[in-house]
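Structure first, then comments.
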Amino acid sequence: MKLQKLLWPSLLLMLAVLSYDAYADAKQAPTFKALPPGAKVVVMPMDVELFVVSAGGVLEPQAEWTTKALQNLKVAFHEREQTGKVVFGEFPSEPDETIDSLNRLHGAVGTAINIHHFGPLKLPTKEGRLEWTLGPEVAIVREKTGADYALFTFVRDSYTSSERAAAMVVAALFGVGLPGGVQLGYASLVDLSTGEIVWFSRLVRAKGDLRDADKAKESLSALLDSFPG
C-alpha cells in the first residue's frame, strides 16, 4: 500500500507525458456488444484522490480536496443515472479490505490498459483487443449485491501550485517543458460472472477541476460518454 502511494505520483507524471494531447477514449471487449435487458449494474465505491503539484514537481495528497471531489462526483453520477437507460445499484455497505483490494487492482489494471492500448507500448499478442480481467475475486461483489456487472471508477487529479507555475515559466524561458497538473480517470464495466473487463474508458487531460460541482459533472460525463447503456 505504501509503495503504491509512492508510485502513483510518478505514474501520473509519466502518463501526462505519454498522453498529453489525449482527451477521452473507450474500448469494448470483442465478445461484448451491449448490456442485456434487465442487467443489474452495481456502482463500486469510487477510488478518487486529488493532489497539488509542488514547485519541485512532487504530487502532494490533499484530503479536503479529495473529500469535496468525491461528493461532487457522487452527485454528478446520481444526476446522470436519473437520465440514463440503465438501472444502477449503489454498493450496499461500507468498503472492506476485499473491496479496497479490488479497487487497487482496478487502478493497476487500468494503468496497464492505458499504457498498452493508448500509449506507445502496445502488446502485440492482444492485437488491439480489450482482453483484461480483474480475476475471479470479483465474485464476492456478485454475492454481496446480486449484480451482473460492476462499474469501477478510478480518478487521480492534480493541480499546479503557484510555485510550480512560476517554475514552469522560468523553465520555458530556457526551452524546458515542465509538466503541471493532469486529470487522469479510468472507468471499467466488469462482468461479475467472469471478472472480464467488457468496457473501458480513460480520460487524460491537462484541464478540469473536480473541486467544482459543474466541472466535476463535465469530467464524469466525458469519462462515461460511451458507456454501453
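Side notes on the structure shown:
- Taking the listed residues L151, L123, the one that is of a type outside the set (K, R), at negative phi and at pLDDT 85 or above is L151, with no other qualifying.
- Segment 36-51: number of residues that are hydrophobic (A, V, I, L, M, F, W, C) and more than 21 Å from the chain's Cα centre (by Cα): 1
- Cβ pairs under 6 Å, 6+ apart, first in segment 202-227 and under 17 Å from D47 (Cα atoms), second in a loop (DSSP other than H, G, I, E, B): V204/S19; V204/A22; A216/L210; S219/G208
- Hey, D209 of a type in the set (D, E) and touching a helix residue (DSSP H, G or I) at 6+ places or on another chain (Cβ under 6 Å) or not: yes
- R129 vs. criteria within 26 Å of K74 (Cβ to Cβ) and among the charged types (D, E, K, R): no
- Residue list for segment 197-208, restricted to those being within 17 Å of F77 (Cβ to Cβ) and either among the aromatic types (F, W, Y) or over 13 Å from the mean Cα position of the chain (by Cα) (or both): W199, G208
The values are calculated or read from the model by the stated rules, or taken from the named source; none is laboratory data. It should be emphasised that the depicted structure is a prediction, and the values quoted were computed from it without experimental measurement. For neighbour counting, all protein chains shown are included, and Cβ atoms are generated from backbone atoms with ideal geometry for every residue, glycine included.
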